[in-house]
Protein chains: 2
Amino acid sequence: MKKDPIQIARAKNRAFSQSEREAVYRAIFERRDVRRNFLPHPIPSHVVRRLLMAAHHAGSVGFMQPWDFIVIQQRATKRDVKQLFIDANERAIQQYRGTKAALYRELKLEGIEEAPLNLCVTCTRQRGGPHVLGRATIRDTDIYSTCCAIQNLWLAARVEGIGVGWVSILDYDALKRLLGIPRSIKVVAYLCLGYVEAFASQPDLEQAGWRQRLALEQLVHYERWGNRAESMGKHDIVDGSGRVEGIGFSDGRQYRK
Amino acid sequence: MKKDPIQIARAKNRAFSQSEREAVYRAIFERRDVRRNFLPHPIPSHVVRRLLMAAHHAGSVGFMQPWDFIVIQQRATKRDVKQLFIDANERAIQQYRGTKAALYRELKLEGIEEAPLNLCVTCTRQRGGPHVLGRATIRDTDIYSTCCAIQNLWLAARVEGIGVGWVSILDYDALKRLLGIPRSIKVVAYLCLGYVEAFASQPDLEQAGWRQRLALEQLVHYERWGNRAESMGKHDIVDGSGRVEGIGFSDGRQYRK
């Protein structure tokens, strides 16, 4: 009787066990954008190094590895960055009116000073020379690679019990002047990191009723844009509920849309 | 005697166990950009659904969830996309001369037709209306979110034994016409997915001698751009070897720069 090729491949690959698979899905589903309740306890340097190494092992266009990491721990630096947030947020609030504006003001959108460690992630666009393999057609693939590195760090932080918050309400040009980042280098993210008491079961904005999570089936197309699951009958990848099936968490946890 | 706050936090968070932590780091370090040796065996729809759900659980600016996924399985569609790659690659080769050009020609840069499943990931920039929370200052944060979703999918695929290859050598405007994607929507990635015989121990481009992995310490700055580890003495996060320490894999595996 012929063996299932997937089983053969799994064996050759030292396949991930069920519990290893669950751990990775758990990290993915339980990762949160954290802006509150950071513990003051510093992150040990060997742990920070693991997080940065996780980021550094993302794939990158042409193996360009365009990222750099500025590790910020001094109060004075954080205070200056916090001021940049306050300035940018004042302008952002003006976009909203009425109840939305009121709700916006209640939201906690950053943890710059509370977090023991801040991290500025940049993209050095010239790294690897003028002709980076795979980048001729889409120049921004270096930025895409840097974002993949950030997601690696975010997931590694989650399994370490460290919350990460991405602060995008900042004038990055002002931030570059503050941190002495050369003009030619792009700031991709400013992150706040620290151990936390707990991770929220839902994203903050979902919990606050700002927006709801979309059903996966609304986001999946087949062969061409606009061809919906319905048209594919039993081959549909997404069921009506948009629910994940078949992860089979040992403890019965289920992650719905 | 006072308890370590990190231990308390870990307990409250149902902390990841050592083996769960290792599984996530393993997925991060063993993920590869796969362009060859895809098995013809189709990916079951419930597995594809898990991968898409992993992507859908990335964080997104203002909880915008700007991503869409076009699942491509038909030979005819793949053949047309492969032709787009051939056209774009012909132009890309012209950038190189001599030995680099010869090496480039030897590289396998896509697995569009061999992979049983192709996936086009897009970013709908208008989703969530004109004023997406956190996006006023950096408009491209929606694209950054989409890249984070792709990394989630990439890691989930790795633990399923599925290889993922990102094809960036494509004219995305031509791809949009081919897949009927509206002008206003941005293509972020075209991915090739399939079960594989094995995952390479190193990135293809590193193995081929195209580029080497950079030492982490070259990429880490302290407080300000250009302040290197050396200046921080014993607080250095990265040691001279750029090696990860303290992950303590049970089986003694070590991941070096």
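The values are calculated or read from the model by the stated rules, or taken from the named source; none is laboratory data. Keep in mind that what you see is a predicted model, and the values were worked out from it rather than measured. Note that we place each Cβ from the backbone using ideal geometry, even for glycine, and neighbour counts take in every protein chain shown. The protein model used for the area step is the full one, side chains on, heavy atoms only, and it has no ligands, DNA or RNA in it. Shrake-Rupley method; radii C 1.70, N 1.55, O 1.52, S 1.80 Å.
A compact table of results
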read-out	value
Count of residues meeting criterion [facing chain A (nearest Cβ under 7 Å), of a type in the set (A, V, I, L, M) and not in a strand (DSSP E or B)] in region B:174-197	2
Enumeration of residues in region B:159-173 that are at the interface with another protein chain (Cβ under 7 Å from one of its Cβ atoms) and assigned to a helix (DSSP H, G or I)	B:Val159, B:Tyr172
In region B:116-153, residue farthest from B:Ser184 (Cα to Cα) [restricted to those that are open to solvent by less than 10 Å² (accessible area, probe 1.4 Å) and part of a strand (DSSP E or B)]	B:Leu117
Whichever residue in region A:1-15 is open to solvent by 50 Å² or more (accessible area, probe 1.4 Å) and assigned to a loop (DSSP other than H, G, I, E, B) and, among such residues, is modelled with the highest pLDDT	A:Arg14
Qualifying positions in region A:48-86 - part of a helix (DSSP H, G or I) and among the polar types (S, T, N, Q)	A:Thr77, A:Gln83
Criterion violated by B:Asn89 - all others in (1) open to solvent by 50 Å² or more (accessible area, probe 1.4 Å); (2) closer than 23 Å to A:Ile138 by Cβ; (3) in a helix (DSSP H, G or I) satisfied	(1)
Selected residue [open to solvent by less than 10 Å² (accessible area, probe 1.4 Å), not in a strand (DSSP E or B) and not β-branched (Val, Ile, Thr)] from B:Ala200, B:Ala156	B:Ala156
Region A:147-178, residues that are modelled with pLDDT under 95 and of a type in the set (Val, Ile, Thr)	A:Ile169
Selected residue [farther than 21 Å from B:Ile28 by Cα and of a type in the set (S, T, N, Q)] from A:Ser145, A:Ser168	A:Ser168
Qualifying residue in region A:132-149 (condition: among the acidic types (Asp, Glu) and more than 22 Å from A:Ile181 (Cβ to Cβ))	no
Residue within region A:219-241 that is open to solvent by less than 50 Å² (accessible area, probe 1.4 Å), at pLDDT below 90, part of a loop (DSSP other than H, G, I, E, B) and touching an Asp or Glu at 6+ places or on another chain (Cβ under 6 Å) present	yes
Odd one out for A:Gln18, checked against (1) touching a residue at least 12 places away in the same chain (Cβ under 8 Å); (2) open to solvent by less than 10 Å² (accessible area, probe 1.4 Å)	(2)
Considering residues of region B:26-47 that are assigned to a loop (DSSP other than H, G, I, E, B) and among the charged types (D, E, K, R) only, the residue least open to solvent (accessible area, probe 1.4 Å)	B:Arg31
Qualifying residue in region A:188-196 (condition: at pLDDT 65 or above, surrounded by fewer than 16 Cβ atoms within 10 Å (Cβ to Cβ) and within 25 Å of the chain's Cα centre (by Cα))	no
Single unsatisfied condition, A:Asp80 versus (1) out of contact with any helix residue (DSSP H, G or I) (no Cβ under 7 Å at 6 or more places or on another chain); (2) modelled with pLDDT of 95 or more; (3) open to solvent by 40 Å² or more (accessible area, probe 1.4 Å)	(1)
Residue that is farthest from A:Gly180 (Cα to Cα), among those in region A:48-74 that are without any contact (Cβ under 8 Å) to a residue 12 or more places away in the chain and open to solvent by 10 Å² or more (accessible area, probe 1.4 Å)	A:Arg49
Residues of region A:49-87 classified as at positive phi and more than 9 Å from chain B (Cβ to nearest Cβ), total	0
Subset of region B:196-210 [within 16 Å of B:Ala157 (Cα to Cα) and of a type in the set (Asp, Glu)]	B:Glu197
When residues of region B:106-147 are limited to those that are touching a Cys at 6+ places or on another chain (Cβ under 6 Å) and not hydroxyl-bearing (Ser, Thr, Tyr), the one farthest from A:Val220 (Cα to Cα)	B:Gly111
